[in-house]
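Just below is one structure, and these are the notes that go with it.
The values are calculated or read from the model by the stated rules, or taken from the named source; none is laboratory data. Nothing here was measured: the structure is a model prediction, and the numbers come from that model. Cβ atoms come from the backbone with ideal geometry, glycine included; neighbour counts cover every protein chain shown.
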Amino acid sequence: MRSSRIWIVLVLTLFSVGVGYAVFAPVLGTRQNAAEAEFQKAWLLYQDRKFDAANEKFSEALNINPDFHWARRFLANSRYFSGEQSEALEEFETLARALPHDLTLKNRIDFLQSVPTADDTATNEFYRIVPHTQGYRYNRPTFVGMLQSDRFAVLSLGRFDIGNMVSYSAQGEPLENRHRVSGKLDYPMAFAQNDEQVWITDFKQDKIHRLDKKSKRWFSYFFNTGPIGKNGEGELEFRAPAGVCHRNGEFIVADSGNNRLQRISDGGAYLQTITRPVGGDAMQTPFGVHCDEDSIWLTESGAARITHFDRYGNIVAEFTPPEIKRPRHITWDETEQLFLVADETAGIVYLDKSGNVVRKLAGYTNTDGRFISFARPYAAAFDAFRNFYVADYGASEVVQFVPPNEKFGQLYLQVEKISAAKFPQIGVYVTAAAPGTAGESGLPKYLTELTAQDFKILENDAPVGNLGIEYLKQFDDVLQVVILMPRSAALKEYETQLPWVMDHVFTRIREKDRFRVMSCGSDVRRESDFSASRLNLLRAMRQSLADATLAADLMPGTSMALYDGITELLSREGKRALLYVTDGTFDDDALAPYSKERIIDYARANHIPIHIVSFEGVSSATGRDALKEIALKTGGSYVRALDIDDQFEARLRLRKEVRYVLSYQSQVKKEIRGQYTDMRVLARFRNMRGLDLSGYFIP
């Protein structure tokens with residue numbers, strides 16, 4: 001009921017929001033007719049993603065009628081998508097002065113001025129006890145963690161020796177309740193995952209269950225890979241396995257009863273046993289484990305100790321702060337660069353990498369204003385939106401905390417494009433982002449798990465029905481890549497190594513994938529069509545190097561080539577990426593006519609990551625830093641060519657599609673072809689709501 005009331009209030013306020021957006025602005029007569037004619041031409045260019053040309057036409061409409069608010073709004077959006085962020089901001093601010101009560105403009109201005117960073121965890125506020133919903137109950141929770149699709153899951157011991165794994169959508173709504181994976185879940189204690197499977201330790205059955213991610217829910221039990229392990233102290237044998245973590249190619253399991261760690265390959269093969277040095281203090285009930293490519297961090301419940309190992313299991317340091325009494329699971333918070341240790345006595349203890357206690361969280365103040373201490377916390381974790389969860393085993397509760405902006409903030413909703421070519425079938429491309437940024441790149445926190453029920457569309461103030469949201473799913477496994485390379489004498493020196501490097505991109509090429517080779521020098525050239533032919537693509541790359549010139553001739557075309565490479569991908573559907581293969585040359589002369597900031601803003605606005613593969617043969621530190629910045633801030637990667645690994649192509653495919661296409665059947669009459677149809681799009685995510693205004697011409 002509460003959600004329905006919010007939707008009704010939003011719909012009622014839409015009428016006041018749209019008053020100032022009538023296409024027929026105050027200036028009437030032939031001048032307005034001329035402005036509308038230019039506006040319609042500009043709109044068509046905008047929908048075709050020809051932003052520079054659209055900018056000119058929208059500007060012409062505004063020269064005729066400066067009060068033509070729709071033209072200014074579309075001009076602001078068009079400038080944003082062309083990478084002119086400061087110019088877009090100026091247009092939105094001009095529009096906001098004319099329409100001071102339009103909250104959608106204020107929201108957009110806030111987004112462009114400075115995307116706020118995530119709130120410090122200390123400011124997170126108690127929100128709720130995750131409900132024990134019928135059919136999705138948990139009892140004695142032992143672990144809470146994130147699944148890869150913005151979902152979180154709770155492991156619990158349940159009742160009557162039947163444990164379970166309850167997973168929740170990004171909205172916080174229950175999705176699945178699993179009692180069986182590769183066998184019955186008895187005492188599930190932790191989970192970790194790779195791209196294919198989720199591994200769940202079973203403390204009582206002395207085994208590790210393996211959940212195949214691609215199996216359908218109701219048939220997964222029959223198709224899951226079998227469990228690993230049995231009771232014992234040999235290889236791949238366990239006594240009370242507890243924590244588990246994953247890093248490239250392997251899982252690491254805390255074999256609690258055997259006082260050791262076991263390294264196991266993704267395929268289930270034994271790799272290594274890790275113990276403390278002979279003659280020293282033995283491991284004492286190892287429980288929680290966190291690992292990355294360089295190190296392993298372990299909690300030892302029996303010793304009230306946290307041990308830091310190097311990659312191979314050699315002790316680097318050990319910490320016994322007085323706050324730690326009985327530690328359970330340990331997780332790493334990338335945002336604050338701190339460890340979260342769930343201690344049964346102290347609560348949640350925040351540690352830095354030097355073992356210093358930064359702060360503690362002993363409980364929470366509930367909605368009645370009463371402080372509630374955690375009973376026996378076993379695990380704690382953040383989700384992608386800085387919601388914080390504590391699995392309190394002793395209280396049989398999962399406590400959820402939220403940042404203040406989730407209680408009072410708005411979604412950043414953006415209508416990017418409206419496809420009306422098959423009218424009355426309409427497709428609306430939208431993105432939705434929560435307040436805050438994602439990691440070091442500063443990219444918005446795009447929501448990728450919304451459903452059709454989370455959106456509403458109104459045409460001319462009338463709600464439409466039967467929204468679809470499945471269109472882009474058909475392109476989930478399709479790569480659309482532009483490979484850009486300089487025609488330079490420096491890169492030609494690496495010609496014999498290029499096929500080996502590109503094998504890491506082309507080896508698993510699929511029939512529906514499309515790659516295009518482009519080259520740059522004094523001009524920018526298309527060296528191939530979009531193709532899935534590995535041989536043709538390599539031939540095009542060799543041909544471009546046949547025309548190699550001196551590096552000095554290369555410089556004027558580099559930023560233009562990056563810009564054109566992004567442009568080539570704007571209208572393509574699938575996992576899009578620009579791959580710049582370079583000898584490493586990049587300096588101030590390369591940033592003309594487009595600046596580094598313009599390239600970054602253009603790529604970010606259109607969700608196209610730039611990946612740099614550099615031989616670094618003639619690179620300067622300044623040039624290398626510029627290329628790394630471009631890659632990082634667009635969501636791409638910087639890789640030394642000879643260090644490229646077998647997972648490079650897989651990482652291109654793993655990138656999530658952040659756009660939605662909302663499809664529906666318009667009820668507008670065909671007889672009014674050429675008329676403009678007003679549109680409002682609304683979205684919800686947890687406690688936040690978003691709104692954007694747009695429209696289309698009936699073809």
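Quick notes on this structure:
- Hey, Asn258 out of contact with any strand residue (DSSP E or B) (no Cβ under 6 Å at 6 or more places or on another chain), surrounded by 17 or more Cβ atoms within 10 Å (Cβ to Cβ), under 20 Å from Ile330 (Cα atoms) and not small (Gly, Ala, Ser) or not: yes
- So Gly163, is it on the phi > 0 side of the Ramachandran plot and either at pLDDT below 95 or in contact with a Pro (Cβ under 8 Å, 6 or more places away or on another chain) (or both): no
- Residues (acidic (Asp, Glu) and buried (at least 21 other Cβ atoms within 10 Å of the Cβ)) located in segment 33-69: Glu38
Let's see how each residue does on (1) out of contact with any helix residue (DSSP H, G or I) (no Cβ under 7 Å at 6 or more places or on another chain); (2) among the hydroxyl-bearing types (Ser, Thr, Tyr); (3) assigned by TED's automatic domain parsing to the domain that holds Phe143:
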{"residue": "Thr225", "(1), (2), (3)": "yes, yes, yes"}
{"residue": "Leu236", "(1), (2), (3)": "yes, no, yes"}
{"residue": "Ala240", "(1), (2), (3)": "no, no, yes"}
{"residue": "Val244", "(1), (2), (3)": "yes, no, yes"}
{"residue": "Glu250", "(1), (2), (3)": "yes, no, yes"}
{"residue": "Gly257", "(1), (2), (3)": "yes, no, yes"}
{"residue": "Ile264", "(1), (2), (3)": "yes, no, yes"}
{"residue": "Tyr270", "(1), (2), (3)": "yes, yes, yes"}
{"residue": "Thr273", "(1), (2), (3)": "yes, yes, yes"}
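- All positions within segment 286-311 that are more than 26 Å from the chain's Cα centre (by Cα) and assigned to a loop (DSSP other than H, G, I, E, B): Ser301, Gly302, Ala303, Ala304, Arg311
- Elements of type strands (runs of 3 or more DSSP E) contained in segment 570-689, each with 3 or more residues being under 27 Å from Tyr429 (Cβ atoms) and touching a residue at least 40 places away in the same chain (Cβ under 8 Å): 575-582, 660-665, 676-685
- Screening His209, His246 for residues that are touching a Pro at 6+ places or on another chain (Cβ under 8 Å) and part of a strand (DSSP E or B) leaves exactly one candidate, His209.
- Once segment 351-393 is narrowed to residues that are in contact with a Ser or Thr (Cβ under 8 Å, 6 or more places away or on another chain) and small (Gly, Ala, Ser), the residue that is nearest to Met688 (Cα to Cα) is Ala381.
- Residues (surrounded by fewer than 21 Cβ atoms within 10 Å (Cβ to Cβ) and among the hydroxyl-bearing types (Ser, Thr, Tyr)) located in segment 188-215: Ser215
Okay, residues lined up against (1) surrounded by fewer than 18 Cβ atoms within 10 Å (Cβ to Cβ); (2) over 20 Å from Lys422 (Cα atoms); (3) not hydroxyl-bearing (Ser, Thr, Tyr):
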| site | (1), (2), (3) |
| --- | --- |
| Leu642 | yes, yes, yes |
| Gln647 | yes, yes, yes |
| Leu654 | yes, yes, yes |
| Leu662 | no, no, yes |
| Ser666 | no, no, no |
| Lys669 | yes, no, yes |
| Tyr676 | no, no, no |
| Arg684 | no, yes, yes |
| Gly690 | no, yes, yes |
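- Segment 133-144 - residue that is surrounded by fewer than 22 Cβ atoms within 10 Å (Cβ to Cβ) and in contact with a strand residue (DSSP E or B) (Cβ under 9 Å, 6 or more places away or on another chain) and, of those, farthest from Phe401 (Cα to Cα): Gly135
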